[in-house]
Amino acid sequence: MQIRPTCTAAYIHYRLRSLLAAKNIYTPSPPARINASSRDRSASGLSFSVFFAFQNSSLFGALVPIKGLSVTGLATETEAVSHELRQEQGGVRTFHQPPLSARGRLRYGERGYTGMNTLSPSPFLPYSLSDDDLRELLRRMLLHRQIDTRGFQLNRQGRIPFALGGEGHEAIQAGASLAFRRGSDILVPYYRDIGLALGIGFPMIDAFTALFAKRTDRCGGRQFPSHFSHREIGLVSVSSIITGHCSHAVGIAFAMAHRRQQDPAAVLCSFGDGATSQGEWHESLNFAGIHRLPIVFLCQNNGWAISVPLERQMPIANVADRAAGYGMPGVIVDGFDVVAVYEAVGEALNRARNGGGPTLIEAKCYRFLSHTTDDDDRTYRSRAEVEAQRLRDPIPRFERELIARRLLTAEHIDAMKAALWEEIDATLEEAAGMPPPEAADLVRNVYEGSHEPWI
Amino acid sequence: MSEPKDPATSLPTIVTMPQLGETVTEGILVRWLKQAGEYVDKYESFAEVATDKVNAEIPAPVAGHLTTLLVTEGALVPTGTPIAEIAAIGTNGVAPRVRKDETTPTTTTPPSPPTSVAAETQRHALSPAVRRALQEYGLREDEVGGSGSEGRITLADVERTAAARRENVPTESTEEHRLIPLTRARRAIAEHMVQAKRTIPHAWTMIEVDASRLVMRRQRQRAQQSNGTVPTYFHAFCYALVSTLAEYPMMNARFTDEGIEVPPHVHLAFAVALPENLVVPVIHHADRLDENALARALAAATERARTGHLTAAELIGGTITANNTGANGSILSAPIIHAGQAAIVTMESIVKRPIVTADDAIAIRSMMHICCSIDHRLIDGAIVGGFLSSLKRRIEHLEI
Amino acid sequence: MDLAIGETMLCNNVEAIRMTLHDALVADERVVILGEDVGARGNVFLITKGFLEEFGSSRIIDTPLAEAAIIGTAIGMAMAGMRPIAEIQFADFIYPAFNQIVGEAAKTRYRSDGDYTCPLVIRAPYGGGVRGALSHSVSIEALFYHVPGLKIVAPAFPQDVRGLLAAAIKDPDPVLFLEHKKTYRLARMEIPRAPFEIPLGRADVKRTGEHLTVVAYGFYLYQVLEAAQRVAEEGISVEVVDLRSIRPMDRTTILASLQKTHRLLIIHEDHRFGGVGAEIAAMVAEEAFYMLDAPIRRLCGPDVPAIGYASALEDAYLISVDRMAEAMRELARC
């Protein structure tokens, strides 16, 4: 495992020590949580990175030992601390911070990996990324962010009644969309996957006609925004019913396997953390596991199902822990690391395409905004928490990485952003000018023929 | 109705078909003399009934309002069948009579709802199909007997009644029958016609006349006359008729049991069709009038007939009748002789026809038929034949 | 309806369904059958007996005990272009799949404006009279016939079963194919051996008459015909309309029959309140009000949650031939 100690840990370690010494750790306020942002090079040089996870199996490597407490020793101690923290109810805000690794992802055989053992190194690694690929990844992330922003702005302007955004999910969706093989794979997304949809080729104009609910919308203005459908590019019609699509994805994967088509293909099924509580989710994974279907289940775990936090959603720390129950590998990946996500999803898709069966990937991220424009997250979570998470924003992080690798300059990035704004705004206005649906459009496509219940 | 009801008599009295004669088992209800809803006194006749033996009017058993007529006119019903309901008021014979205009409906709409409670409970709500069928057939609810549960009227009942009605009253169309009340004049005409046909043995004959000269003459007159009033074909015909009568006085006569009356004059009666009926004004001493005078007299009488200013004297005394049936395009008619006369002569439509001339050539001529009904008691074929030939000659040799 | 001229064979409903499924599996390789116990067991009524051996486990799929997943997976297969025939072992178990049927299958075509369709058949045995008690006797058509986007069929006779199942499999929209379990082996009738289709949405006049119209579907059809025969001897001529298809429903045949008879009696096993009969009665009241010579009568199952296990309870719930005949008499004579 490669360690990049880019920061020193002092202050928190100090806090940690007092905490451990006290041993009865619970202090509701100030929050006892240990949470910090990333590689913040403060003037004092005492910034650090610490990550807690309930299963206490992902805290290592990031702490710089201070004052004699070794890393391993600290790890052991903090395991006990987290266990005790977990015993307490209420008031304790804890975060499922992903472990920091070279690319922020656990490899097989590493500690913390849950699920079936597979060969290591994996024979299913995706192709390596070229420089253009990396730039494309940034472009996709920027596009996602900017379209989301415009959506929210249009709503606050009163031009559209509703929008939902995936701010915080950009890295996951850009990375996954690059791993998706156009022309053969099928995407069964959920309603927050605008980045994924755009990434696999969904036209921008259709995204906006959906926002404005115009007649030329691919769904005739019938669906909420972000509930796309595009058969030609392999994007399955999105339903508002949470987890309803998971069993459809399984059925589609079955059809793929049944057909034994020329180009091996796989299904990418994407959903959030809340979906994994639905019975149908478990039924879907069960079915896929029994038949070893060519499907990748991608859970975009942003810690919140509207206002219900993760610890109210499930009794375990990681969604991926459930994979073993359904006979498939479970992979945890840092959802703010676009390349890590690309590697994880690409590997899983390759496995699926080559008959290796399904995979459950949990990409951990955070939802920076409210659930939708109709939600106000100030009622259930603190600004401090959101701001702290903001510091982990994947886009600036990746920008910095690309600049550091000399693939782009800041000016390039600004130009890229400006060009995207221009394109977005032009498309937006074009879509806004289109006609709305007519009353006669109401009865179209209820059945193949007439919509009447009487003959 | 504004009278308070005596509870003792609140149940309607049902009147049944009486047995008019010992062996009589059924009777025809010929007609209702009272409308539904009308008031009848005790013993007042309210219906006319006919049996094999006798025709009779039925007097009401109680005083009251004729609420329901249960049988249609012309229906054959067995004796004892209820035919009407009377809602009696007060004690018999002493009850104050309610004025007719208060209770009688002035229009021919269906009768007002029954006023007694029992009648209401007997009536059931009508099903939609029945309601529509009643409307279509022009029947009233009270005219249909109910065979459903508790006397409910079913669709089959309505259709049965409608079919029965159709059989009883032959009409050209199966659509709604209209009943037009008889006016006095219509009644008079009807009676007159019946009497004439009954007493006079009619014989009928016709003759074909070449009226070309008549037509030519009229055209010339029309061309010449500037103020518009030209004697019509009918006027000319009447003059020819009257002139011919001088040769054949028997046509102008009248048969009586004492003998054949031959009057010294000709009082020409002619028919004028009015919107509602027919009037037959008489030109007295038509034989004294020359053609123009006769024409003027005929025109004036027609005008008076149309405006309703004919006097009674003008309507009696005719000795022969002339009728312009051809005015409506008729080419043949078989008229009925006016009672008290011996003949009626009609002038039919003048129609251009191809005829064979004396020298076997085909020519187009204006031809006209003259039809004549005669009283065969006093006029034989020879007389009417001669009369018509003479009339024909007169018209065919008119001076143009 | 033109039938294929050729051989006929004597068939009951089970055999008719089996024959039709077999024809479909042979004719179209996109057709698959999935459900609990449909493979090795051949279905709990032996309808798919022998299919697993003939067509293999990739086409005859024994699913785990998860109705929502059965239907959801079938929806996915249908969206991907296959022709799945999903089976719910007893209609009483369909409730977990309600979300998928009503929330997803019925709306797929509409919400994507035709981009994705759902040519799915869901077969389910329903109905009581087999001492099935609470969970093997229920009628479910009233729950689903309300939903636009679904089609529902409930034939009673082998010929109708064969023709309508073939049409349902070919139909591009989701069809709920309801089989009354009491009719499975009730009667054998002559039906054509060659495949044929009966278009969905058409009712069938099983017996002509003049005095009243009875509209019914399912097992009760057998009883209605027997009752009609009984009252015919008393001079009441009953016209029996077999609905066959619940959604879409055949208004034309019902109204044509009413035009003749003017009296309507609706008989069905499902509860009276909100049952299929309610919609028929409303339609007739709206469109044929002036044809009616008597109030519309519905003879339906009682409004209690379930058919009890005791035979006395079941007999009280179900409508006997005597009760049907009595209702016919009453309506004809009122």
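Here is a list: A:Leu187, A:Leu196. Which entry is assigned to a strand (DSSP E or B), open to solvent by less than 10 Å² (accessible area, probe 1.4 Å) and closer than 22 Å to A:Glu362 by Cβ?
Details: A:Leu196 fails: assigned to a strand (DSSP E or B).
Going through A:Leu187, A:Leu196 in turn, just one is assigned to a strand (DSSP E or B), open to solvent by less than 10 Å² (accessible area, probe 1.4 Å) and closer than 22 Å to A:Glu362 by Cβ: A:Leu187.
Is at least one residue of region C:256-267 surrounded by fewer than 20 Cβ atoms within 10 Å (Cβ to Cβ), within 14 Å of chain A (Cβ to nearest Cβ) and modelled with pLDDT of 95 or more?
Taking region C:256-267 first, the residues surrounded by fewer than 20 Cβ atoms within 10 Å (Cβ to Cβ) are C:256, C:259-260.
This time we only want the ones that are within 14 Å of chain A (Cβ to nearest Cβ), so: C:256.
Checking the rest, the ones that are also modelled with pLDDT of 95 or more come to C:256.
Among the residues of region C:256-267, at least one is surrounded by fewer than 20 Cβ atoms within 10 Å (Cβ to Cβ), within 14 Å of chain A (Cβ to nearest Cβ) and modelled with pLDDT of 95 or more, which makes the answer yes.
Considering region B:273-309 alone, what residues qualify as being crowded, with 19+ Cβ neighbours inside 10 Å and either within 21 Å of the chain's Cα centre (by Cα) or assigned to a strand (DSSP E or B) (or both)?
Within region B:273-309, B:Val279, B:Val280, B:Pro281, B:Val282, B:Ile283, B:Ala305 meet the criteria.
Scan region B:372-400 for residues that are among the hydrophobic types (A, V, I, L, M, F, W, C), closer than 13 Å to B:Val345 by Cβ and either assigned to a strand (DSSP E or B) or open to solvent by 80 Å² or more (accessible area, probe 1.4 Å) (or both) and jot them down.
Correct list: B:Cys372, B:Ile374.
Would you confirm whether or not region A:384-395 contains a residue that is at pLDDT below 90, more than 14 Å from chain C (Cβ to nearest Cβ) and outside any helix (DSSP H, G or I)? Step through it out loud before you land on a result.
Here is the first cut: in region A:384-395, the residues at pLDDT below 90 are none.
Taking every residue of region A:384-395 in turn, none turns out to be at pLDDT below 90, more than 14 Å from chain C (Cβ to nearest Cβ) and outside any helix (DSSP H, G or I).
Taking B:Gln221 as meeting all but one of (1) open to solvent by less than 80 Å² (accessible area, probe 1.4 Å); (2) under 25 Å from B:Ala188 (Cβ atoms); (3) without any contact (Cβ under 8 Å) to a residue 40 or more places away in the chain, write down the number of the exception.
Result: B:Gln221 passes all but (2).
What is the one condition in (1) among the β-branched types (Val, Ile, Thr); (2) within 14 Å of chain A (Cβ to nearest Cβ); (3) open to solvent by less than 20 Å² (accessible area, probe 1.4 Å) that C:Ile191 does not satisfy?
That leaves (2) as the condition not met.
Failed condition for C:Arg202, given (1) closer than 25 Å to C:Ala168 by Cβ; (2) more than 14 Å from every other protein chain (Cβ to nearest Cβ), with all others met?
Going through the list (1) closer than 25 Å to C:Ala168 by Cβ; (2) more than 14 Å from every other protein chain (Cβ to nearest Cβ), C:Arg202 breaks only (2).
Please determine, by comparing only the residues of region A:187-206 that are more than 27 Å from A:Thr276 (Cα to Cα) and away from chain C (no Cβ under 12 Å), which one is farthest from the chain's Cα centre (by Cα).
Step one: of region A:187-206, the residues more than 27 Å from A:Thr276 (Cα to Cα) are A:201, A:203-206.
The next check asks that each one be away from chain C (no Cβ under 12 Å); those that pass are A:201, A:203-205.
On the way: A:Gly201: 19, A:Pro203: 21, A:Met204: 21, A:Ile205: 24 Å.
Result: A:Ile205.
Does A:Ile241 fit the bill of being within 8 Å of another protein chain (Cβ to nearest Cβ), among the β-branched types (Val, Ile, Thr) and under 23 Å from the mean Cα position of the chain (by Cα)? Break it down into steps so the answer makes sense when it comes.
Numbers: within 8 Å of another protein chain (Cβ to nearest Cβ): yes; among the β-branched types (Val, Ile, Thr): yes; under 23 Å from the mean Cα position of the chain (by Cα): yes.
The answer is yes for A:Ile241.
Residues are listed down the side, and each one gets a yes or a no for (1) open to solvent by less than 10 Å² (accessible area, probe 1.4 Å); (2) in the same structural domain as C:Val224 (by TED's automatic domain parsing); (3) within 18 Å of the chain's Cα centre (by Cα):
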position: C:Tyr110; (1), (2), (3): no, no, no
position: C:Ala133; (1), (2), (3): no, no, no
position: C:Ser137; (1), (2), (3): yes, no, yes
position: C:Tyr145; (1), (2), (3): no, no, yes
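Among the candidates C:Phe144, C:Phe177, which residue alone is of a type in the set (Phe, Trp, Tyr) and either free of Cβ contacts under 8 Å to residues at least 40 places away in the same chain or within 13 Å of another protein chain (Cβ to nearest Cβ) (or both)?
Working: C:Phe177 fails: either free of Cβ contacts under 8 Å to residues at least 40 places away in the same chain or within 13 Å of another protein chain (Cβ to nearest Cβ) (or both).
Exactly one of C:Phe144, C:Phe177 is of a type in the set (Phe, Trp, Tyr) and either free of Cβ contacts under 8 Å to residues at least 40 places away in the same chain or within 13 Å of another protein chain (Cβ to nearest Cβ) (or both), namely C:Phe144.
Search region C:290-304 for residues that are touching a residue at least 12 places away in the same chain (Cβ under 8 Å) and within 11 Å of chain B (Cβ to nearest Cβ) and pair each with any residue that is among the basic types (Lys, Arg) and open to solvent by 10 Å² or more (accessible area, probe 1.4 Å) when their beta-carbon atoms are under 8 Å apart and the residues are at least 6 apart or on different chains.
Short answer, once both residue conditions are applied: C:Leu292/C:Arg263; C:Asp293/C:Arg263; C:Ala294/C:Arg263.
Whether any residue in region A:432-450 is over 21 Å from the mean Cα position of the chain (by Cα) and among the basic types (Lys, Arg) is what I want to check. Talk me through it step by step, then tell me what you get.
From region A:432-450, those over 21 Å from the mean Cα position of the chain (by Cα) are A:432-450; that's our starting set.
Restricting the remaining residues to those that are among the basic types (Lys, Arg) gives A:444.
Yes, region A:432-450 contains at least one residue that is over 21 Å from the mean Cα position of the chain (by Cα) and among the basic types (Lys, Arg).
Residues in region C:4-26 that are surrounded by 13 or more Cβ atoms within 10 Å (Cβ to Cβ) and either at positive phi or assigned to a helix (DSSP H, G or I) (or both): how many?
Filtering region C:4-26 down to residues surrounded by 13 or more Cβ atoms within 10 Å (Cβ to Cβ) leaves C:8-9, C:11-25.
Narrowing the set further to residues that are either at positive phi or assigned to a helix (DSSP H, G or I) (or both) leaves C:13-25.
So the answer is 13.
Given the structure, is C:Ala325 in the same structural domain as C:Gln229 (by TED's automatic domain parsing), within 30 Å of B:Glu136 (Cα to Cα) and open to solvent by less than 50 Å² (accessible area, probe 1.4 Å)? It would help to see each step written out before you state the result.
On the way: in the same structural domain as C:Gln229 (by TED's automatic domain parsing): yes; within 30 Å of B:Glu136 (Cα to Cα): no; open to solvent by less than 50 Å² (accessible area, probe 1.4 Å): yes.
No; evaluated as a whole, the condition is false for this residue.
From (1) crowded, with 24+ Cβ neighbours inside 10 Å; (2) touching a helix residue (DSSP H, G or I) at 6+ places or on another chain (Cβ under 7 Å); (3) not hydroxyl-bearing (Ser, Thr, Tyr), pick out the condition that doesn't hold for A:Arg367.
Only one criterion is unmet by A:Arg367, namely (2).
Collect the residues in region C:109-141 that are among the basic types (Lys, Arg) and more than 14 Å from every other protein chain (Cβ to nearest Cβ), keeping them in residue-number order.
The first filter runs over region C:109-141 and keeps only residues among the basic types (Lys, Arg), leaving C:109, C:111, C:123, C:131.
C:Arg123, C:Arg131, listed by residue number.
Does any residue in region B:276-289 that is more than 18 Å from B:Glu303 (Cβ to Cβ) come within less than 9 Å, Cβ to Cβ, of a residue that is surrounded by 20 or more Cβ atoms within 10 Å (Cβ to Cβ) and among the β-branched types (Val, Ile, Thr) six or more places away or on a different chain, and which pairs are these?
Hits for this filter: B:His285/B:Val266; B:Asp287/B:Val242; B:Asp287/B:Val266; B:Arg288/B:Val266.
Hey, among the residues in region C:67-83 that are open to solvent by 10 Å² or more (accessible area, probe 1.4 Å) and at the interface with another protein chain (Cβ under 7 Å from one of its Cβ atoms), which one's nearest to A:Ser239 (Cα to Cα)? Reasoning before the result, please.
So in region C:67-83, the residues open to solvent by 10 Å² or more (accessible area, probe 1.4 Å) come out as C:67, C:80-81, C:83.
From the residues that got through so far, the ones that are at the interface with another protein chain (Cβ under 7 Å from one of its Cβ atoms) too are C:80-81.
On the way: C:Ala80: 16, C:Gly81: 19 Å.
Applying the filter and picking the extreme gives C:Ala80.
Could you say whether any residue in region C:281-289 is surrounded by fewer than 24 Cβ atoms within 10 Å (Cβ to Cβ), of a type in the set (D, E, K, R) and either under 22 Å from the mean Cα position of the chain (by Cα) or away from chain A (no Cβ under 14 Å) (or both)?
Initial filter on region C:281-289 (surrounded by fewer than 24 Cβ atoms within 10 Å (Cβ to Cβ)): C:281-289.
Going one step further and asking which of them are of a type in the set (D, E, K, R), we end up with C:286-287.
Pick out the ones that are also either under 22 Å from the mean Cα position of the chain (by Cα) or away from chain A (no Cβ under 14 Å) (or both) and you get none.
No, the conditions are met nowhere in region C:281-289.
Mind checking which residues of region C:205-222 are under 20 Å from C:Tyr184 (Cα atoms), surrounded by fewer than 21 Cβ atoms within 10 Å (Cβ to Cβ) and not aromatic (Phe, Trp, Tyr)?
Pass one, region C:205-222, residues under 20 Å from C:Tyr184 (Cα atoms): C:206, C:216-222.
Right, trim to surrounded by fewer than 21 Cβ atoms within 10 Å (Cβ to Cβ) and you get C:206, C:222.
Selection gives C:Lys206 alone.
Tell me, yes or no, whether region A:286-306 has at least one residue that is out of contact with any Pro (no Cβ under 9 Å at 6 or more places or on another chain), at positive phi and more than 14 Å from chain C (Cβ to nearest Cβ).
Yes.
Any idea which of (1) outside any loop (DSSP other than H, G, I, E, B); (2) away from chain A (no Cβ under 12 Å); (3) within 21 Å of C:Gly274 (Cβ to Cβ) is the one C:Ala106 doesn't satisfy?
C:Ala106 satisfies all of (1) outside any loop (DSSP other than H, G, I, E, B); (2) away from chain A (no Cβ under 12 Å); (3) within 21 Å of C:Gly274 (Cβ to Cβ) except (2).
The values are calculated or read from the model by the stated rules, or taken from the named source; none is laboratory data. Since the model is a prediction, treat every value here as computed from it, not as a measurement. Cβ sites come from the backbone with ideal geometry, for glycine too, and all protein chains shown count toward neighbours. When the accessible area is computed, the model is the full protein with side chains, heavy atoms only, and any ligands, DNA or RNA have been set aside. Shrake-Rupley method; radii C 1.70, N 1.55, O 1.52, S 1.80 Å.
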